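> First the structure, then my questions, so here it is.
The values are calculated or read from the model by the stated rules, or taken from the named source; none is laboratory data. Note that the structure is a prediction, hence the values are computed from the model and not measured. In this analysis, Cβ positions are derived from the backbone assuming ideal geometry, glycine residues included, and neighbour counts consider all displayed protein chains. Quick note on the areas: whole protein, heavy atoms, side chains included, nothing else; ligands and nucleic acids left out. Shrake-Rupley method; radii C 1.70, N 1.55, O 1.52, S 1.80 Å.
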Amino acid sequence: MMNLYSGTTCPFSHRCRIVLYEKGMDFQVIDVDLFNKPEDIAVINPYGRVPVLVERDLILYEPNIINEYIDERFPHPQLMPADPIQRARSRQLLSGMEREIFVHMEVLEKTNAKAAEKDKARAEIRNRLTELAPMFTKQKYMLGDDFSMLDVAVAPLLWRLDHYGIEVGKTAAPLMKYAERIFSRQGFIDALTPPEKVMRK
């Protein structure tokens, strides 16, 4: 049995929950209060953060590493491309998204971040998402017709736009249609925690 220690409002834990539910496998989600973490989190993860995946003697604590492990261990449905070249490209795209988009989510998640820092983070996210929007006039998902790990990675952010106070303009309409496609997936719906359900109007 896989155990996922998951923050109930953590966007990075949300990614791992989506992958587990998309796979439809046997696992347990252990909810962690981000403001009152149990001591065993610091024991199993030296960085004291969630998500953490525990399976027998294996302990993993980076969301992308957790998700790739789950994808390789339970290959159906496959969320990373089977072709090594496409898989490498996907990893590179994901790495770019981490640096250019998701790093700003960390600022918005901090309770002690300054207002100016948060405003800058919102603007960066809005600009990057607006740049991505046109691709969804031609394709259903990030890599074409198939839902993939890249869609998993961006889904928690798209769900939290209202929560973060990020307004994307009309030019981002294809992006929001893409978001609705993700939000209607059963795996995504099942992965939402009660506090996450109320984040979106």
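> Residue by residue, what Karplus-based ³J(HN,Hα) values in Hz, rounded to whole numbers, does the stretch 65-74 have, using 6.51, -1.76 and 1.60 with θ = phi - 60° and x for Gly and Pro?
Computed from phi, the couplings for the stretch 65-74 are 5, 4, 5, 5, 4, 4, 5, 6, 6, 10 Hz.
> Here's another thing I want to ask about it. Ordering E72, E117 by accessible area with a probe of 1.4 Å, largest first, what comes out?
Working: E72 130, E117 95 Å².
Largest to smallest exposure gives the sequence E72, E117.
> While we're on this one: Report T111's accessible area, 1.4 Å probe, all protein chains in place, as a number in Å² to the nearest 10.
110
> For F74, tell me the accessible area in Å² from a 1.4 Å probe, rounded to the nearest 10.
Accessible area of F74: about 60 Å².
> With every protein chain kept in the model, how would you rank E106, E62 by accessible area, 1.4 Å probe, largest at the top?
Largest accessible area first, the list is E62, E106.
> At 1.4 Å probe size, put D57, D31 in order of accessible surface, largest to smallest.
Putting D57, D31 in descending order of accessible area: D57, D31.
> Of all beta bridges DSSP finds with both residues in the chain, what is the antiparallel percent, to the nearest 5?
Just about 55 percent of them are antiparallel.
> Rg and Dmax of the chain, Cα atoms, in Å?
16.5, 49
> Each residue of the stretch 111-128 in order: what ³J(HN,Hα) in whole Hz does its phi give by Karplus 6.51 cos²θ - 1.76 cosθ + 1.60, θ = phi - 60°, with x for Gly and Pro?
Per residue, the Karplus-derived 3J(HN,Hα) values read 7, 9, 6, 6, 4, 5, 5, 5, 4, 5, 4, 4, 5, 4, 4, 4, 5, 5 Hz.
> Between Q86 and I30, what length in nm is gained on full extension when 0.36 nm per residue of separation is reduced by their alpha carbon distance?
Values: separation 56, 0.36 × 56 = 20.16 nm, distance 3.34 nm.
Between Q86 and I30, full extension yields an extra 16.8 nm.
> Give a residue-ordered list of calculated ³J(HN,Hα) values for the stretch 141-152 (Karplus: 6.51 cos²θ - 1.76 cosθ + 1.60, θ = phi - 60°; whole Hz; x for Gly, Pro).
Coupling constants for the stretch 141-152: 10, 4, 9, x, 8, 9, 5, 9, 4, 5, 5, 4 Hz.
> Want the number for R181 to E106: 0.36 nm per residue separation, take away the alpha-carbon distance, what's left?
Length gained between R181 and E106: 24.5 nm.
> Given the pairs K138/K170; K23/K110; K170/K201; K114/K140, which span a C-alpha to C-alpha distance of over 27 angstrom in this model?
Where the Cα-Cα span goes over 27 Å, the pairs concerned are K23/K110; K114/K140.
> Something else: How large is the accessible surface per residue of the chain, computed with a 1.4 Å probe and reported in Å² as a whole number?
53
> From the Cα gyration tensor of the stretch 86-134, with a ≥ b ≥ c the square roots of its eigenvalues, which class applies: rounded if a/c is under 1.5, or else prolate if a/b is larger than b/c, or else oblate?
oblate
> Next up: Ranked highest first by the average count of other Cβ atoms within 10 Å around their residues, in what order do 138-146, 9-17 fall?
9-17, 138-146
> Keeping the other protein chains in place, figure out the carbon and sulfur percent of the accessible area of the chain, with a 1.4 Å probe.
C and S fraction of accessible area: 51 percent.
> Per residue, what volume in Å³ does the Cα convex hull of the stretch 87-201 take up?
That works out to 107 Å³ per residue.
> Sticking with this structure for a sec: For the chain, what does the relative contact order come out to in percent, with C-alpha contacts under 8 Å and a separation of six or more?
After rounding, I find 24 percent.
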